[in-house]
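Read the structure below first, then the notes.
The values are calculated or read from the model by the stated rules, or taken from the named source; none is laboratory data. Note that the structure is a prediction, hence the values are computed from the model and not measured. Neighbour counts are summed over all protein chains in view; Cβ atoms, including those assigned to glycine, are modelled from backbone coordinates with ideal geometry.
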């Protein structure tokens, strides 16, 4: 028996990486996918691939650091499908840098996307899920939200925050409102994230990590497992890491 079929699933950061892989994987299993990201061209391409395989998917270009954009995304989902069963917060930014170099602007970008974007999406779906009497919120964290390594102090801080958010949600809304709050924590994934890093002092760290990186599809399968549960079963804090990753 599958619990994914016919679920209405909103995925942020769905134009690439883990979000794109999760959208494709869940659409293949009968879910109705609403893809959100800033790049409309990339979203169109992902939706087209899903539709060509017989899946159901729509998109809305969304800047999740903008609360009004996120509100419009959830309103659009309700307009098209009358409900939202699952929110998967995949959008994220990983900009490694050394403290000595004080990349404050990059710190702010990570806080806005990784933390505020996650909070905005949760705030918008919770009222709908409470009215439905059930729902799922899956936050994509990171192994860096459990252990801190060289060059990723601020990134780790945002992911530790996602862990705290998920645990708090579980305590406040899971039992009371039957809303499953889960977190999936990937290790190093081959999503070209290192291309956005500007701090040359951290390049050695990146090179070592990328030697063991695994494909985003492995994380998508794990997200699929978390989503494919009955409403009285909660899977939480699942790690998906390269076998050779040291931290």
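Conditions (1) more than 15 Å from residue 13 (Cα to Cα); (2) without any contact (Cβ under 8 Å) to a residue 12 or more places away in the chain, marked per residue:
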residue	(1), (2)
102	yes, yes
119	no, no
127	yes, yes
131	yes, yes
134	yes, no
139	no, no
148	yes, yes
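For residue 221, are the conditions met, namely being surrounded by fewer than 17 Cβ atoms within 10 Å (Cβ to Cβ), part of a helix (DSSP H, G or I) and modelled with pLDDT of 75 or more? I'd like the intermediate steps shown before the answer.
On the way: surrounded by fewer than 17 Cβ atoms within 10 Å (Cβ to Cβ): yes; part of a helix (DSSP H, G or I): yes; modelled with pLDDT of 75 or more: yes.
Spelling it out, residue 221 is indeed surrounded by fewer than 17 Cβ atoms within 10 Å (Cβ to Cβ), part of a helix (DSSP H, G or I) and modelled with pLDDT of 75 or more.
Taking the options 209, 119, name whichever one is under 30 Å from residue 105 (Cβ atoms) and at pLDDT below 95.
209
Table: residues versus (1) within 21 Å of residue 179 (Cα to Cα); (2) surrounded by fewer than 16 Cβ atoms within 10 Å (Cβ to Cβ); (3) modelled with pLDDT under 95.
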position: 75; (1), (2), (3): yes, yes, no
position: 79; (1), (2), (3): no, yes, no
position: 84; (1), (2), (3): yes, no, no
position: 87; (1), (2), (3): yes, no, no
position: 95; (1), (2), (3): no, no, yes
position: 101; (1), (2), (3): no, yes, yes
position: 106; (1), (2), (3): no, no, yes
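Suppose we filter 229, 245 for residues that are at pLDDT below 95 and surrounded by fewer than 18 Cβ atoms within 10 Å (Cβ to Cβ); which single one remains?
245
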